[in-house]
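J.: Take this structure, written in structure tokens, and hold onto it; I'll ask about it next.
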Amino acid sequence: MFNIVLVEPQIPPNTGTIGRLCVNLGATLHLVKPLGFNIDDKSVKRAGLDYWRDLDLKVWNSFNEFIEANPINGNSYLATTKTDNLYFNVKFQKGDYLIFGSETKGLREDILLKYRDRCITIPMGEGGRSLNLAISVGIVAYEALRQNYSGFRKIRIKNRLEDI
């Protein structure tokens, strides 16, 4: 359905929660190293519960490696607080890449400048600097789903897809 990309995530429970979201959404989770934890970390799996084993997971050694395999173009969106382009003004399509930076630094400035036209943001009140990464991913991913929803026709059962 969609591709959720976490560039250098730092907090294991956020990644576990996002993995759980990806399984329920039918999305692929891409993790771009360096990671601030080991993927086998108990807190990642605890937050992902028993969903982690069903996750479509791809791990990349660097952002450059990810970009070489998945060039940023018309189907890629970079989430940041450093733009005025609101996520709900975007026309999402199935297969889009929704790219998020680390909890502590976000995406690097050189990346944001290079792909300025692909940047999106979630509006926030004056008192806040940012939202939790897992919440941000959920907001954007489910807007993308809302725009493309035609009903879930298949359900994943132990790594198999079956009609429902």
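Please treat every number below as a calculation from the coordinates, not as lab data. Note that the coordinates shown come from a computational prediction; the quantities given were computed from them, not determined experimentally. Heads up, the Cβs are rebuilt from the backbone with ideal geometry, glycines too, and the neighbour counts pull from every protein chain shown.
J.: In the chain, with Lys and Arg counted as +1 and Asp and Glu as -1 at Cβ, which of these residues, Pro9, Gln147, Phe66, has the Cα nearest the positive end of the dipole, that is, farthest along it?
T.: Ranked along the dipole, the leading option is Gln147.
J.: What do you get for Rg/Rh of the stretch 3-163 when both radii come from the Cα atoms and Rh is the Kirkwood radius? Could the numbers behind the result be given before it?
T.: On the way: Rg = 15.2 Å, Rh = 16.1 Å.
Taking Rh as the inverse mean 1/r over Cα pairs, Rg/Rh reads 0.95.
J.: Taking the Cα centre of the chain as origin and charging only Cβ (+1 Lys, Arg; -1 Asp, Glu), how large is the dipole, in debye to the nearest 20? Provide the component values of the computation, followed by the final result.
T.: Numbers: 22 positive and 18 negative charges, 69 e Å.
The calculation lands at about 320 debye.
J.: Another one. Among Tyr142, Tyr51, Tyr77, which comes first, second and so on when ranked by fewest other beta-carbon atoms within 10 Å? Mind showing how you got there, number by number?
T.: Numbers: Tyr142 13, Tyr51 18, Tyr77 23.
Least crowded to most crowded, the residues run Tyr142, Tyr51, Tyr77.
J.: Could you check the simple spin-label distance between Arg146 and Asp40, using points 7 Å along Cα→Cβ, in nm with one decimal?
T.: 4.1 nm
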